[in-house]
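Q: Below is a structure I'd like to ask you about.
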Amino acid sequence: MINLEAAVACLFGSLYGSFLNVVIHRLPREESVVSPRSRCPHCGKPIGWSDNLPVVSWLLLRGRGRCCRKPISARYPLVEAATSLLAGGLWLKWGGTPVFAAASALACGVLLAVALIDWDTFLIPDELSIGLALAGLLVSPFNPYFDAGPFGAWYLAPFWSLRGAVLGFLLGWGVAAGGEAIFKKEAFGGGDVKLLAGIGAWTGMTGAFDALMLGSLAGSIYGLALMRAGKAGRSDAIPFGPFLAAGAVFNFFKLLPLGWPFSWV
């Protein structure tokens, strides 16, 4: 049986994904994400609303622009589909707390944008990482991970969120400083440090630690696979933001006991 509310969440998630495609394309180029309206990435002609329907338009146009018939990357519908599924899944998980369900879908969309921008450019825009931290603080009274009861929600929950952000920042800074001291090169970028602070603001100190561990595991597996395939060497850099973001998205569905040193949060 279809959950109507989750289906509506999926619909709005796909629309959000369409906007995120604009953010992913324009933000690294320091362009406005609101003006001008969507245009073809090849010829620059504006895209009509009927050709801008999430996922559907790309399929109907067979992956090509109507104006110039040049191929449009499959990343666009994949981002829209991913945000749709995330929004629906988060509603099924947190529908009992609708404010947090909606806010966490927005946060996971930001994490997806961070992952793809970092993958493309090796940079994480401050607008996204710092914005994620500030949003986590604002939403903290509705965050079930910071369940402080009806009276503590407005003063304890923001404190726990801030504490998670601070620990995330310190964990990232410690890894960055330690990696540079050992390997004599940057092992953890400033953008990663701020991103980990943003993750901590949403999922607390436990979540920050979990995301770091999960991201490190996934990044190590990916790096080893590249080296085994002869596509990268030990000294080749890979972006860590996508793996850290993936760990953070997992946190929104389940916190693992990996962060046991900080489980008292």
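Bear in mind that the values in this text are calculations on the coordinates, not laboratory data. Not measured: the values here are computed from a predicted model. Glycine gets a Cβ as well: all are built from the backbone with ideal geometry, and neighbour counts include every protein chain shown.
Q: Suppose R0 equals 41 Å; then what is the FRET efficiency for V34 and R228 from their Cβ-Cβ distance, rounded to the nearest 0.05?
A: 0.40
Q: In addition: Determine the dipole magnitude for region 7-103: charges of +1 sit on the beta-carbon of Lys and Arg, -1 on that of Asp and Glu, nothing else is charged, the reference point is the Cα centre, and the result goes in debye to the nearest 20.
A: 460
Q: L134 versus K70, label points 7 Å from Cα toward the beta carbon: distance in nm?
A: 3.6
Q: If contacts are Cα pairs under 8 angstrom and at least 6 residues apart, what is the relative contact order of region 1-95 in percent? Intermediate values should be presented prior to the final figure.
A: Details: 104 pairs, mean separation 43.0, N = 95.
Relative contact order here is 45 percent.
Q: On to the next question. Once whole DSSP H runs in the chain are found, which of them have Cα atoms spread over 30 Å or more along the helix axis and a mean Kyte-Doolittle score of at least 1.0? Don't skip to the answer; put the middle values down first.
A: Details: long enough: 4-26 (34 Å, 1.19); 98-121 (34 Å, 1.62); 156-183 (40 Å, 1.24); 190-228 (37 Å, 0.89).
Long hydrophobic helices here: 4-26, 98-121, 156-183.
Q: Specify which residue in the list T206, A181, P141 is farthest towards the positive end of the charge dipole of the chain, using unit charges on the beta carbon of Lys, Arg (+1) and Asp, Glu (-1), about the Cα centre.
A: Result: A181.
Q: Taking neighbour Cβ counts within 10 Å as the exposure measure, how do F188, F253 sort from fewest upward?
A: Final ranking by Cβ density, sparse to dense: F253, F188.
Q: Further question on the same structure: Going through region 110-208, which trypsin sites (Lys or Arg not before Pro) have at most 16 other Cβ atoms within 10 Å and a DSSP loop state?
A: K184, K185
Q: Using Cβ counts within 10 Å as a stand-in for footprinting exposure, how do V99, V166 rank, fewest first?
A: V99, V166
Q: Let me know the charge dipole size of the chain about its Cα centre in debye, to the nearest 20, where only the beta-carbon of Lys, Arg (+1) and Asp, Glu (-1) is charged.
A: 940
Q: Just grab the label-to-label distance for V8 and K254, each label 7 Å out from Cα along the Cβ direction, in nm (one decimal).
A: The modelled label-to-label distance comes out at 2.9 nm.
Q: Pull up the cross-link candidates among the aspartates and glutamates for K185, meaning alpha carbon to alpha carbon under 12 Å and not fewer than 8 places away within one chain.
A: The reachable aspartates and glutamates, counting only those whose Cα sits under 12 Å from K185, are D236.
Q: Kirkwood Rh over Cα pairs of the chain into Stokes-Einstein at 10 °C, 1.306 mPa s: D in µm²/s?
A: Diffusion coefficient, whole number: 82 µm²/s.
Q: Enter the Cα centre distance for the pair region 26-45 and region 133-196, rounded to the nearest angstrom.
A: Centre-to-centre (Cα) distance: 32 Å.
Q: Could you run the Debye sum over the Cα atoms of region 1-68, one equal point scatterer each and no solvent, and tell me log10 of I(q)/I(0) at q = 0.20, 0.25, 0.27 Å⁻¹, two decimals?
A: Scattering profile of region 1-68, log10 relative to I(0): -0.89, -1.19, -1.28.
Q: Among L85, T97, G63, which residue has its Cα furthest toward the positive end of the charge dipole of region 38-120, with +1 on Lys/Arg Cβ and -1 on Asp/Glu Cβ?
A: Going by the Cα projections, it comes out as G63.
Q: For W91, W173, what ranking results if the residue with the fewest other Cβ atoms within 10 Å of its Cβ goes first?
A: So the residues, fewest neighbours to most, are W173, W91.
Q: Here is a further query. Can you tell me how region 43-193 classifies by the Cα gyration tensor, rounded, prolate or oblate, using a/c under 1.5 as the rounded cut?
A: On the way: a/c = 3.19, a/b = 1.37, b/c = 2.33.
Judged from the Cα gyration tensor, region 43-193 comes out oblate (a/c at least 1.5, b/c at or above a/b).
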